[in-house]
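The values are calculated or read from the model by the stated rules, or taken from the named source; none is laboratory data. Keep in mind that what you see is a predicted model, and the values were worked out from it rather than measured. In this analysis, Cβ positions are derived from the backbone assuming ideal geometry, glycine residues included, and neighbour counts consider all displayed protein chains.
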Amino acid sequence: MEHVLAHGTKNYPSFTQLSLKEEELGISASHKVGGANSKFSLRVPKETFSEALSLLSEFTFSPVFSKEGIERERKIILQEYLDHWDSPDNRFFFHLLESYWGKNHPYTLDPRGVPEAIKDITREDLILAHQKYYSPGRMILVIVGDLDPNLVKKKITEYFHQPKGKENLKATSKLPKFFKKIFFQEENINQVAFTSWLPLFRLRADDWKKRYTVAMISHLLGSSRRSRLAISLREREPLAYSAGSTFIIFPEGAVFRIGFSASLENTARIIEIIKEEIEKVKKEGFTQKEFLSAQKFCMYQISMSNDSVWSVAENLVDDLFWRKRIYLPDDLQTAVKKISNKDLTEAAREIFDFNKATIGIMSSPENIKSLKKLNLGQIF
């Protein structure tokens, strides 16, 4: 759908005409489609705002669905599909998703689809989907800039007015029962890629205290240049260039990720160090100096989170879509101030349960044979 919409509107009935009009108005566009929504983002000069807003409405709600454009994009999407799955990293991530959530879980479904479906989609299918999901009444529209509010209201009414549509249906599914799983993926690569996913407690989209608690743990354990893992794996023992932690949020559930890439001969020692550092955190927690440093870092990151009209717009639309209200930086900083060092220790003890870990290892067939002899299940 995203690709086909670019193939013309009533007033600009071809890809070329629509693209030239966007360039004429100085539009910088960024569109993406995921499992939850379609997002169309435009950055435009103040001088062409009204015309650009009109074009956004026409592009989104009045496409021509030309047969020629559909067939051209069908071929392009098939190439995108092949490009994506040709990457070992993408295949590895998919296997992590399947191992963690289970086969055919909604979170494992690729928005690109599968070749059979891509080949079978008809013009009528696209029109019906567009009529069902793409209407001004179902849209969240965010406009940020040095503009006259009265002009903005007038143009919104002119281009987008429609009664409020039905709320989007929420996809719900039960969380799987998590237990230790290890899989090996053979690829034609020399290095060893290691990733461990640990289930997080449910993270509501608006539970900022929990989200920043996890962010601070990740910062101190592996995502900052002075984290425990950075010091252990780059300074004390220079074993890995790429090693660290982060967390991934799904609509119903979240994952704490620990990973590294290294040579085969360093892999066992790196895994031992990761386990040692995590056990130390679970037993002793973080020092007060570490805690205050992470808290201060989060406060600064929040203060810079709205440093451009683009980032303000992105934050606002995410708030309205996922949380149904707007959160200002002060709201987030208030949540961070409520976090204690004890909160970090308690959360770390809950998170770092390797009996529930999904561990993926990708390397060459020869390296995989050697790694299987390490009995990684016993190390963790």
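Per the listing ASN355, ASN367, ASN315, the residue uniquely in a helix (DSSP H, G or I), in contact with a Ser or Thr (Cβ under 8 Å, 6 or more places away or on another chain) and among the polar types (S, T, N, Q) is ASN315. Inspection of the range 72-95 identifies no residue that is under 24 Å from GLY137 (Cα atoms) and either of a type in the set (Phe, Trp, Tyr) or at pLDDT 95 or above (or both). I'm trying to understand the selection: among the residues of the range 88-132, which are in contact (Cβ under 8 Å) with a residue 24 or more places away in the chain, in a helix (DSSP H, G or I), under 12 Å from MET1 (Cα atoms) and of a type outside the set (Val, Ile, Thr)? Residues satisfying the conditions are ARG123, LEU126, ALA129, HIS130. Taken over the range 9-60, residues that are out of contact with any Gly (no Cβ under 9 Å at 6 or more places or on another chain), more than 25 Å from ASP148 (Cα to Cα) and aromatic (Phe, Trp, Tyr) amount to 1.
For (1) surrounded by fewer than 17 Cβ atoms within 10 Å (Cβ to Cβ); (2) small (Gly, Ala, Ser); (3) assigned by TED's automatic domain parsing to the domain that holds THR195, each residue gets a yes or a no:
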position: LEU53; (1), (2), (3): no, no, no
position: GLY69; (1), (2), (3): no, yes, no
position: HIS84; (1), (2), (3): yes, no, no
position: SER87; (1), (2), (3): yes, yes, no
position: ASN90; (1), (2), (3): yes, no, no
position: PHE93; (1), (2), (3): yes, no, no
position: SER99; (1), (2), (3): no, yes, no
position: GLY102; (1), (2), (3): yes, yes, no
position: ASP110; (1), (2), (3): yes, no, no
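Is it true that some residue in the range 173-196 is modelled with pLDDT of 90 or more and within 29 Å of LEU292 (Cβ to Cβ)? Yes.
Restricting attention to the range 15-43, the residues that are farther than 16 Å from PRO63 by Cβ, of a type in the set (D, E, K, R) and touching a residue at least 24 places away in the same chain (Cβ under 8 Å) total 3.
Filtering the range 230-258 to residues that are in contact (Cβ under 8 Å) with a residue 40 or more places away in the chain and more than 17 Å from the chain's Cα centre (by Cα) leaves SER232, LEU233. Every condition in (1) more than 30 Å from ALA193 (Cβ to Cβ); (2) surrounded by fewer than 17 Cβ atoms within 10 Å (Cβ to Cβ); (3) in contact with a helix residue (DSSP H, G or I) (Cβ under 6 Å, 6 or more places away or on another chain) holds for LYS282 except the one numbered (1). Quick one: in the range 126-158, of everything that is surrounded by 13 or more Cβ atoms within 10 Å (Cβ to Cβ) and out of contact with any Phe, Trp or Tyr (no Cβ under 9 Å at 6 or more places or on another chain), which residue is nearest to LEU316 (Cα to Cα)? So the residue we want is VAL142.
All of LEU332, LEU292, LEU320 fail the test of being assigned to a helix (DSSP H, G or I), surrounded by 17 or more Cβ atoms within 10 Å (Cβ to Cβ) and out of contact with any Pro (no Cβ under 7 Å at 6 or more places or on another chain), apart from LEU332. The set of residues in the range 105-151 that are more than 30 Å from GLU47 (Cα to Cα) and hydrophobic (A, V, I, L, M, F, W, C) comprises LEU109, VAL114, ALA117, ILE118, ILE121, LEU126, ILE127, LEU128, ALA129. Within the option set LYS282, LYS369, being touching a Lys or Arg at 6+ places or on another chain (Cβ under 6 Å) and closer than 23 Å to LEU239 by Cβ holds for one residue only, LYS282. The single condition from (1) part of a helix (DSSP H, G or I); (2) of a type outside the set (Gly, Ala, Ser); (3) in contact with a Phe, Trp or Tyr (Cβ under 9 Å, 6 or more places away or on another chain) that ILE361 fails is (1). Restricted to the range 342-374, and to residues that are surrounded by fewer than 17 Cβ atoms within 10 Å (Cβ to Cβ) and in contact with a helix residue (DSSP H, G or I) (Cβ under 7 Å, 6 or more places away or on another chain), which residue is nearest to GLU284 (Cα to Cα)? Looking at the filtered set, the residue picked out is ARG349.
Looking for whichever is over 30 Å from GLU252 (Cα atoms) and outside any helix (DSSP H, G or I) here; the options are GLY35, GLY26. Which one fits? Steps first, please.
On the way: GLY35 fails: over 30 Å from GLU252 (Cα atoms).
The unique qualifying residue is GLY26.
Does the range 215-254 hold any residues that are outside any strand (DSSP E or B) and crowded, with 22+ Cβ neighbours inside 10 Å, and which are they? Reasoning before the result, please.
Here is the first cut: in the range 215-254, the ones outside any strand (DSSP E or B) are 215-241, 251-252.
The answer is MET216, ILE217, HIS219, LEU220, LEU221, GLY222, SER227, LEU229, LEU233, ALA240.
Restricting attention to the range 348-376, the residues being closer than 22 Å to GLU279 by Cα and of a type in the set (Lys, Arg) number 2.
Within the range 299-327, residues that are closer than 18 Å to ASN37 by Cβ sit with their Cβ atoms under 8 Å from residues that are part of a helix (DSSP H, G or I), at 6+ positions apart or across chains, in these pairs: ARG325/ASP319; ILE326/LEU316; ILE326/ASP319; ILE326/LEU320.
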